[in-house]
Each structure stands twice: as C-alpha cells, then as structure tokens.
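The structure under discussion appears below in the form of structure tokens.
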Amino acid sequence: MHKRTLTAFGVAATAGVLTLGLSLAPASADAAPASHGHRTITIEAIEKGTAINLVDVAPADSALGDQLIGTGDLTGRDGRKLGTSSFVGISTDAKPRTAELLTFAYELPGGKITTAGTAKLSASGPVFDERFAITGGTGRYQNASGEVRVLQETVERAKVTFEIQR
C-alpha cells in the first residue's frame, strides 16, 4: 500500500466542506503496494468557521430537526489559506446539542470528496470527535473510500484528518 501524508493545520465550523489548494506530493510512502493496488492519502488540516447559522424549527422546546449550516476556511500550519469548507448538521435528539447527522463536502486539489455520519455532542471538552465515511468523490477522488476524522474543538474550530483510499 502506498501512503502519502500531507500536513496542513487549519480551522473549520461544526462540520464542513473544505476547499484545499495544496499539492498532494507524498511526504512518505510505503515500499510494499497493497494487495488491491490501493493507496492511502492522509491530509491533516484545521478548519475555521467563517459563517454559521442555526435554524430553529418548531417546537421551540425541542432541538429535533434544528439545523446548523456553515462555511469555513481551511489553513495550513503556516497560516496560509488552503481553501474553504461547508456543512449541514441536523439535530437528531430533542435535547439541545446532544446529537447531529452531519454532511460534509470537501473540495480538494483535483476533485471533491463528500462525507456523512452522526456525532454525539459533548457539553464539556471538544464539541465532538468523530469519524465520517467518505461517501463519494469526483475527479482525482472518483471511487475514493475511507474516512475523515473531525475533532470539533469549538463550534468555530476543528482539526480535520482525511484518510483517503484510492
């Protein structure tokens, strides 16, 4: 299996679509190819929310169906902007801020990746630390699989790690 590692720390909103403007040159590669000829590309980033909106649906005393919609900027360790992000989160529990169904779309160099999954939200510590399934891709990421880990530190900031198999 070939493994490529990219490091770029940036910031995101609660869940998001990222636009990365970085080269996917390998930082390291394993010598032995995978049995299926797949390789893994790892991208680490920080995502920072730039616009977040909460849509509160009736009834007012329940969070079920409330939506969190947002966009963000993705930056590297050096502070250089790598792209943007967008997401939609829908509350799946009547209690405020306890569980969400999240959809992300990431625009990466050479294509796009979409992800989806659920998150249990915490009242203390990080908002959530979850892994989301890669559900599709275009361009360079057509037929991609794998997962994206989102460590949502605050509503406006997340560490995002892509583990993309192609």
Selected residue (only one of Lys95, Lys81 is closer than 30 Å to Arg166 by Cβ, open to solvent by 10 Å² or more (accessible area, probe 1.4 Å) and basic (Lys, Arg)):
Lys81
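So which residues in the stretch 46-76 are of a type in the set (A, V, I, L, M, F, W, C) and either touching a Gly at 6+ places or on another chain (Cβ under 9 Å) or touching a residue at least 12 places away in the same chain (Cβ under 8 Å) (or both)?
Those that are of a type in the set (A, V, I, L, M, F, W, C) and either touching a Gly at 6+ places or on another chain (Cβ under 9 Å) or touching a residue at least 12 places away in the same chain (Cβ under 8 Å) (or both): Ile46, Ala51, Ile52, Leu54, Val55, Val57, Ala58, Ala63, Leu64, Leu68, Ile69, Leu74.
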Checklist (1) under 19 Å from the mean Cα position of the chain (by Cα); (2) touching a residue at least 12 places away in the same chain (Cβ under 8 Å) applied to Gly79, failing item
(2)
When the stretch 123-142 is examined, which residues are found to be assigned to a strand (DSSP E or B) and within 17 Å of Glu156 (Cα to Cα)?
Phe128, Asp129, Glu130
Take the stretch 144-160 and flag every residue that is farther than 13 Å from Asp129 by Cβ, surrounded by 17 or more Cβ atoms within 10 Å (Cβ to Cβ) and among the hydrophobic types (A, V, I, L, M, F, W, C).
Ala144
Look at the stretch 100-137 and say how many of its residues are among the hydroxyl-bearing types (Ser, Thr, Tyr), surrounded by fewer than 20 Cβ atoms within 10 Å (Cβ to Cβ) and modelled with pLDDT under 90.
1
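Okay, residues lined up against (1) closer than 14 Å to Ile43 by Cβ; (2) out of contact with any Cys (no Cβ under 7 Å at 6 or more places or on another chain); (3) of a type in the set (A, V, I, L, M, F, W, C):
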| position | (1), (2), (3) |
| --- | --- |
| Gly125 | no, yes, no |
| Gln142 | no, yes, no |
| Gly146 | yes, yes, no |
| Val150 | yes, yes, yes |
| Val155 | no, yes, yes |
| Gln165 | yes, yes, no |
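The values are calculated or read from the model by the stated rules, or taken from the named source; none is laboratory data. Since we're looking at a predicted model, the values are computed, not measured. We place every Cβ from the backbone using ideal geometry, glycine too, and count neighbours over all the protein chains shown. For the accessible areas, the whole protein counts, side chains as well, though only heavy atoms, and no ligand, DNA or RNA atoms are used. Shrake-Rupley method; radii C 1.70, N 1.55, O 1.52, S 1.80 Å.
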